[in-house]
Amino acid sequence: MDMILDIASWAFISGGIIFCLIGGYGLIKLKDFYARLHAASLIDTFGVGLIFIGLMFQAGFTLVTAKLILILVFIFFTSPTATHALARAAINHDVLPDVDTEEERDLVRQTKTTKSSTS
Amino acid sequence: MNIEIITSDALNVMTLLFMAVTAIAIARIRNLFAVVMLSGIYSLMGATLYVILDAVDVAFTEAAVGAGASTVLMIGTLALTSANENATPNKQTIKALIACTLIGFALVYASFDMPLFGDPNAPIHNHVVPRYLNDSMAEIGLPNVVTSILASYRGYDTMGEAFVIFTAAVGVIALIGRGRREKSANENMADANNVMKRKIVLRVVSKLLIPFILLFGLYVQWHGDFGPGGGFQAGVIFGAAFILYGIIYGLGTLRKALPAWLTRWLMALGVLLYACTGVVSLIKGASFLDYNVLASTPTGGQHIGILLVEFGVGMTVFASIVTIFCAFAGRAAADVNKVSAKQRSAGHD
């Protein structure tokens, strides 16, 4: 039983670490601000989430697991919000996504006009 | 070699390495926003290091004050000044380099005389620490020795710290807090209506979180006797909830919930409560801040005394943080208003 728990927890933790690495790599490699933001949000949703689930397998049915769940809920509320706020601040300050086709460029312009009219 | 020792050594080395890299980046980068963010990261690394050293209370304070509150306050300051550092051309680089190298070597040389890291025979572990660790349970009766030291054995020092924070807030009020017109109720309403229209995600999430942040602040305040926590951390967490509210709903709405006179009173009342606890113990015939006489039994007295002074510290820290934030944010908002008013009058011409 312990063996299975250990394997499961290691699988989750390794998965989380892989997501963190991909996120960190993307944060450096990607050119566009919004693409980087996407990479960063990968770390604090999937990366942290999987690592925490792995840790819960280690802790078992204890108070530690309850605390981990609380922290996880907190992170699942706050980090997407932070990402959203960042993206919003960027679009309000005229940082536009780097897109390829004319169609997408139109879409960006539309988004920008609706944003500036509501805010 | 034991695997736990290796991993903890690796953690220490990695954290210190990251801190060094961050410090160099702070010195090199000219964009002050990036510098503020990096200093937040530096504080977080410091907190990690304290956790590795098992100093959870200090780590808690570092994370709350260093990485949380001071980052917000520094960003508030940047709103008043420019976001870029002016590079001053310096012709004395060689001299400065030589001076820094010499001092660095002197410090490294001096470090050879210091006791080894974690050495049980080091003077610091043999002076008063044995008494704290062995006797504090009998003398104070609190499971968290850090709180016993902070609030009772070292009560004077902690009172000084509380007064430092109080003085900082008073200084900020004296420098930039006054002399600006407070917004009228109508303008506040207009602000609130403006806010209603946008930032929906932020509003919903912050409304969801603020009660829990406040609850956590209270928990940290009153649970400080038994676990990591205490007045300083609780004050900052409690203040952070109100600062979050102020950032999202506007300063006017924050000031409606928490008027300026209230924070000013709380700020002074906190340190007053701390000092008065000491005076009461004086009146009861013991020395200043000796809580033994506050109740019928010495440990009972210690409990009451520590609870009171921690509450005083929490109150002062909370009110000071909010006051400092409001002073900076209010000043920045006033400047923005002035600029837009100027633009409007220019448009009329």
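I'd like to check something: does the range B:139-153 contain any residue that is in contact with a Leu (Cβ under 7 Å, 6 or more places away or on another chain) and surrounded by 10 or more Cβ atoms within 10 Å (Cβ to Cβ)? First the steps, then the outcome.
Our first condition is that a residue be in contact with a Leu (Cβ under 7 Å, 6 or more places away or on another chain); within the range B:139-153, this holds for B:145, B:148.
Next cut, surrounded by 10 or more Cβ atoms within 10 Å (Cβ to Cβ) only: B:145, B:148.
Yes, the range B:139-153 contains at least one residue that is in contact with a Leu (Cβ under 7 Å, 6 or more places away or on another chain) and surrounded by 10 or more Cβ atoms within 10 Å (Cβ to Cβ).
Has the range A:26-45 got at least one residue that is basic (K, R), away from chain B (no Cβ under 14 Å) and surrounded by 15 or more Cβ atoms within 10 Å (Cβ to Cβ)? Yes; the residues of the range A:26-45 include at least one that is basic (K, R), away from chain B (no Cβ under 14 Å) and surrounded by 15 or more Cβ atoms within 10 Å (Cβ to Cβ). Based on what the data block shows, is A:A66 out of contact with any His (no Cβ under 9 Å at 6 or more places or on another chain), buried (at least 16 other Cβ atoms within 10 Å of the Cβ) and either within 14 Å of chain B (Cβ to nearest Cβ) or free of Cβ contacts under 8 Å to residues at least 60 places away in the same chain (or both)? So A:A66 fails the test.
Can B:L97 be described as loosely packed, with under 14 Cβ neighbours inside 10 Å, touching an Asp or Glu at 6+ places or on another chain (Cβ under 9 Å) and either assigned by TED's automatic domain parsing to the domain that holds B:A275 or on the phi < 0 side of the Ramachandran plot (or both)? Considered against the rule, which asks whether it is loosely packed, with under 14 Cβ neighbours inside 10 Å, touching an Asp or Glu at 6+ places or on another chain (Cβ under 9 Å) and either assigned by TED's automatic domain parsing to the domain that holds B:A275 or on the phi < 0 side of the Ramachandran plot (or both), B:L97 comes out as no. Evaluated against (1) over 21 Å from A:D44 (Cβ atoms); (2) within 11 Å of another protein chain (Cβ to nearest Cβ); (3) touching a residue at least 40 places away in the same chain (Cβ under 8 Å), A:D98 falls short on exactly one condition, (2).
None of B:N194, B:N186 is away from every other protein chain (no Cβ under 11 Å), farther than 30 Å from B:V56 by Cβ, out of contact with any helix residue (DSSP H, G or I) (no Cβ under 9 Å at 6 or more places or on another chain) and modelled with pLDDT under 80 except B:N186.
For the range B:1-17, which residues satisfy the criterion of being among the hydroxyl-bearing types (S, T, Y) and at pLDDT below 90?
Within the range B:1-17, the subset among the hydroxyl-bearing types (S, T, Y) is B:7-8, B:15.
Passing the criteria: B:T7, B:S8.
Kindly check whether there is at least one residue in the range A:73-95 that is at pLDDT 90 or above and either away from chain B (no Cβ under 12 Å) or at positive phi (or both). For the range A:73-95, residues at pLDDT 90 or above and either away from chain B (no Cβ under 12 Å) or at positive phi (or both): absent.
Tell me, which helices (runs of 4 or more DSSP H) wholly within the range B:211-328 include 2 or more residues that are surrounded by fewer than 17 Cβ atoms within 10 Å (Cβ to Cβ)?
Numbers: elements: B:231-249, B:251-257, B:260-283.
Per the criteria, B:251-257, B:260-283.
The values are calculated or read from the model by the stated rules, or taken from the named source; none is laboratory data. As the structure is a computational prediction, the values presented were derived from the model and not from experiment. Cβ atoms come from the backbone with ideal geometry, glycine included; neighbour counts cover every protein chain shown.
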